[in-house]
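Remarks on the structure that follows.
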Amino acid sequence: MRFIIHEYAVNGYDSGPYGITAGKDGAMWFTEQKGNRIGRIHAEGEIHSFPVPTANAGVMSIVSDGTGGLWFTEYRANKIGRMSMDGHFAEYELPAANSAPFGITEGPDGAMWFTEMNSGRIGRITKSGEITEFELPHPRAFPSFITPGPDGALWFTQNQNNTIGRITTRGEVKEYSIPTPNSGPVGITTGPDGALWFVQIMGNKIGKMTSSGEVSEFVIPTPNARPHAIICGKNGDLWFTEWGGNQIGRITVEGVITEYAIPAKNAEPHGITMGPNGDIWFVEECNQIGRLTLN
């Protein structure tokens, strides 16, 4: 397959894009960690951005919920943010100081679920802003990304504990070990085969885990690729960013990996999402938004 990568500059200031999600309006929405804004990019590349009310909030992950609301984590401000597509914000402070919220997703119960890296907890926030927190077995596990699983539970990576965690909507937690030692799991998503797929930023592998905890691992061809985020594609495949390899990776459910070079040098790709037509959108910390199209 032939591919084309378009890159769009976020002009005017040091933006530092980090997370990205597909909005219900057909546009892509992204966090600007350094610029302290939420950005919107149209399919043709036109960009608008909205300042986050709290200064130096450290906006990280972002997700669009089922009604079109945008939810994001504020790592430094210790808050969960919500924004409407017309730019109205609400922010919710977490009960414990310095929790460092990071990953966020919508759960099967309609609430938003998020990870707290510093406190070693999984949080739940209702659409009205009510927060509940669940303690993890290891407070220094560094929970990172989180995703709905195929079994009605939430699954998350524990970066410093070398495990994949599972939490039910009632707060019951299980942990599953990763075979590669010190693999540093980060991004995670449910694949088209119903398994949990995750990236190992230190192990340089893509992992696949069944809902019963059985693991397969696939080595990334580029050494020290430092994979970061992963999403499900539309053709029985998955896509991931290579922060160290300066590439976008594609893996089939059989474990076949293809890599696509990003034109900008030292782009530092982080978040990744799929657009409504199947194009792969990703953010580059070098102040650009990328879009990969396969022909």
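The values are calculated or read from the model by the stated rules, or taken from the named source; none is laboratory data. A quick note: this is a predicted structure, and the numbers were derived from the prediction, not measured. Neighbour counts run over all protein chains shown; Cβ positions are idealised from the backbone, glycine included. These accessible areas exclude ligands, DNA and RNA; they are computed on the full protein's heavy atoms, side chains included. Shrake-Rupley method; radii C 1.70, N 1.55, O 1.52, S 1.80 Å.
Right, ALA77: over 15 Å from THR21 (Cβ atoms), open to solvent by 50 Å² or more (accessible area, probe 1.4 Å) and among the hydrophobic types (A, V, I, L, M, F, W, C) or not?
no
Examine the stretch 3-25 for a residue that is of a type in the set (S, T, N, Q), open to solvent by less than 30 Å² (accessible area, probe 1.4 Å) and within 17 Å of the chain's Cα centre (by Cα), and state whether such a residue exists.
Within the stretch 3-25, one or more residues are of a type in the set (S, T, N, Q), open to solvent by less than 30 Å² (accessible area, probe 1.4 Å) and within 17 Å of the chain's Cα centre (by Cα).
I'd like to check something: does the stretch 227-243 contain any residue that is acidic (Asp, Glu), open to solvent by less than 10 Å² (accessible area, probe 1.4 Å), assigned to a strand (DSSP E or B) and within 25 Å of GLY26 (Cβ to Cβ)?
Scanning the stretch 227-243, I find at least one residue that is acidic (Asp, Glu), open to solvent by less than 10 Å² (accessible area, probe 1.4 Å), assigned to a strand (DSSP E or B) and within 25 Å of GLY26 (Cβ to Cβ), so the answer is yes.
Within the set of pairs 6+ apart or on separate chains, which have a first residue in the stretch 51-65 that is farther than 11 Å from ALA77 by Cβ, a second that is of a type in the set (S, T, N, Q) and open to solvent by less than 10 Å² (accessible area, probe 1.4 Å), and C-beta atoms under 9 Å apart?
Pairs that qualify, where the first residue is farther than 11 Å from ALA77 by Cβ and the partner is of a type in the set (S, T, N, Q) and open to solvent by less than 10 Å² (accessible area, probe 1.4 Å), are SER61/THR31; SER61/THR73; SER61/THR115; ILE62/THR31; ILE62/THR73.
Restricting attention to the stretch 186-194, does a residue exist that is more than 18 Å from the chain's Cα centre (by Cα), open to solvent by 20 Å² or more (accessible area, probe 1.4 Å) and either among the acidic types (Asp, Glu) or modelled with pLDDT of 95 or more (or both)?
Yes, the stretch 186-194 has at least one match.
Against the condition more than 17 Å from the chain's Cα centre (by Cα) and in a strand (DSSP E or B), how does GLU254 come out, does it pass?
no
So ILE248 clears everything in (1) of a type in the set (Val, Ile, Thr); (2) out of contact with any Gly (no Cβ under 9 Å at 6 or more places or on another chain); (3) within 21 Å of SER61 (Cβ to Cβ) except one condition, right? Which one?
Of the numbered conditions (1) of a type in the set (Val, Ile, Thr); (2) out of contact with any Gly (no Cβ under 9 Å at 6 or more places or on another chain); (3) within 21 Å of SER61 (Cβ to Cβ), the odd one out for ILE248 is (2).
If you take the residues in the stretch 257-275 that are part of a loop (DSSP other than H, G, I, E, B) and in contact with a strand residue (DSSP E or B) (Cβ under 7 Å, 6 or more places away or on another chain), which one is surrounded by the fewest Cβ atoms within 10 Å (Cβ to Cβ)?
Within the stretch 257-275, the match that is surrounded by the fewest Cβ atoms within 10 Å (Cβ to Cβ) is PRO263.
For the stretch 137-152, how many residues meet the condition of being within 20 Å of TYR75 (Cβ to Cβ) and outside any loop (DSSP other than H, G, I, E, B)?
Of the residues in the stretch 137-152, 5 are within 20 Å of TYR75 (Cβ to Cβ) and outside any loop (DSSP other than H, G, I, E, B).
Consider the stretch 153-179. How many of its residues are in a loop (DSSP other than H, G, I, E, B), open to solvent by 20 Å² or more (accessible area, probe 1.4 Å) and of a type in the set (Val, Ile, Thr)?
Residues that pass the stated criteria total 1.
Got a sec? Which of MET83, MET117 is closer than 18 Å to PRO17 by Cβ, touching a residue at least 12 places away in the same chain (Cβ under 8 Å) and not β-branched (Val, Ile, Thr)?
Result of the check over MET83, MET117: MET83.
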